[in-house]
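Engineer: Quick one: structure below, then a few questions.
Here, each number is a calculation from the coordinates, and none is a lab measurement. A quick note: this is a predicted structure, and the numbers were derived from the prediction, not measured. Please note: Cβ atoms are built from the backbone with ideal geometry, for glycine as well, and neighbour counts cover all protein chains shown.
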Amino acid sequence: MDLKEYKGVLVYIETRFGKIEKVSFELLNKGRELADKKRVDLTSLIIGYDVEKFSDELIKKGSDKVILVDDERLKDFVDSTYSNIVVDVVKKYKPEIFIAGSTNIGRSLFPRVSAKLLTGLTADCTELDIDPEDGKLLQTRPAAGGSIMATIVTPNRRPQMATVRHKVFKEAIMDPKRTGIVERFSIEERMIDKRVEYLGFEKDETQTVNLSDADIIVSGGRGLKSKDNFSLIFELAGLLNGAVGASRPCIDDGWLPFSHQVGQTGKTVSPKLYLAVGISGAIQHLAGMKSSETIIAINKDPNSPIFQVADYGIVGDLFEVVPLLIKKLKR
C-alpha cells in the first residue's frame, strides 16, 4: 500500500428518519480541525434517499466537498449494502482519515468496512488529534473498563478509521459564506445485497427520550429489586425531562429492553446530569457513564464503587429517598 496516495479527511454523515444525527455535526467540527492541521480537504459522505437537500448545510458547516449517494434503494439502512458502497467510495477517493459516530449504525457499518479494506479501526474514541511529528491520527479511547486511556495509531494501512462517542465534541457552526463541491456517486447493482430484506422498524415505546442524546439520565440498578419498582425511575425521569437508563443485570433479568442499558456492553453516555439509583458501580457500568458532567448516586451501601466517581452521594434507602425527590419536584 502506497500511503502517500491517501489524502484528506472523510466524515460519514448519518441520517435517521429524514434528519442528520447530531453526532455527524460534532464530527464535522473535529474533522475540520484535523483537516486544517493536515492542510487537506474535509469531505462529507452522505448515503440514503432524498439526502441531496443536506448538501448545502454540510458545506456551510465545514465540508469542502460532499460525496452524495442518493438512491431510492438506499432509503433504509442495510449494513451489508451500505458497506459495499462505502468501500467503493473509499477506494475511489482514498481518504487518509475516515471517521463516523459511535452509534448503532456506526458500530455496525465501520467494522465491516475496515475488514473489507484490511485496515485498522479504533472504536468508541473520546479524542482525536494529529501527531505533530509524523502526521498520523492519534485515536484515544477508554480501555481496561475505563481505568486507563489508550492512544492508538494505524501506522501501515489506510484509511485510518475511528468511531467517536456522541457529545465529546461541540457541533460545527454554520458559516453562510462557505462554498464547496458536491459530487454524485452512482451505485452499481452488485452493491445491493439482495440476500437481505428490510422488513421494518419497531420503535421502543418505553424510551421517550433518546438515551444517547439526553442531557439528563436517571438509571436504575439491581437495588430496585424488581421490574415493577422501575416505575419510580420512570416517574423521576419524567419530572426531569430525562431518559431512563439501567445497569446490565436489570437488562439481563428482562426488566427493561436493551436500548436502556448503560455500560461497556450497552450505550456510552455523557449527559449533563447522571442520576444512579440503586447501582453499585461495576467497572463495566462506570465505563459507560463516568464522563458525565455531574453524577449523583443513591445507594444504601456507603462502600459502593459508584461513590468513587459520584460528585454527590446520598447514602440511604432508595425507596425512601426517591419518593421524597419526586414529591419535591412535583411541588
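Engineer: Return a single number: how many Lys pairs in region 216-330, at a sequence separation of 8 or more or on separate chains, have alpha-carbon atoms below 22 angstrom apart.
Structural biologist: 12
Engineer: Nearest 20 debye, what's the magnitude of the dipole of region 3-191 about its Cα centre given +1 on Lys and Arg Cβ and -1 on Asp and Glu Cβ? If you can, show how the numbers build up before the last one.
Structural biologist: Working: 33 positive and 30 negative charges, 53 e Å.
Roughly 260 debye for region 3-191.
Engineer: Relative contact order, percent, of the chain when contacts are C-alpha pairs under 8 Å separated by at least 6 residues?
Structural biologist: Contact order relative to length: 14 percent.
Engineer: Continuing with the same structure: Along the charge dipole of the chain, Cβ charges K/R +1 and D/E -1, which of Val113, His166, Leu232 sits furthest on the positive end?
Structural biologist: Among Val113, His166, Leu232, the one farthest towards the positive end of the dipole of the chain is His166.
Engineer: Sort 300-307, 244-251 for me by packing, meaning the mean count of neighbouring Cβ atoms within 10 Å per residue, highest on top.
Structural biologist: Listed from highest to lowest mean packing, they are 244-251, 300-307.
Engineer: Taking +1 at the Cβ of each Lys and Arg and -1 at the Cβ of each Asp and Glu, which of Asn156, Thr140, Gly180 sits farthest along the dipole of region 132-191 towards its positive end, judged by Cα position relative to the Cα centre?
Structural biologist: Thr140
Engineer: Highest mean first, how do 163-169, 12-18 rank when packing is the count of other Cβ atoms within 10 Å averaged over residues? Before the final figure, lay out the partial values.
Structural biologist: Numbers: 163-169: 23.0, 12-18: 17.3.
Result, highest mean first: 163-169, 12-18.
Engineer: Compute the FRET efficiency between Phe201 and Thr265 as 1/(1 + (r/R0)^6), taking r as their Cβ-Cβ distance and R0 = 30 Å, and round to the nearest 0.05. Could you put the intermediate results ahead of the total?
Structural biologist: Details: r = 23 Å, r/R0 = 0.76.
For R0 = 30 Å, the calculated efficiency reads 0.85.
Engineer: Quick one: check the C-alpha center-to-center distance for region 122-201 versus region 1-70, whole angstrom.
Structural biologist: 10
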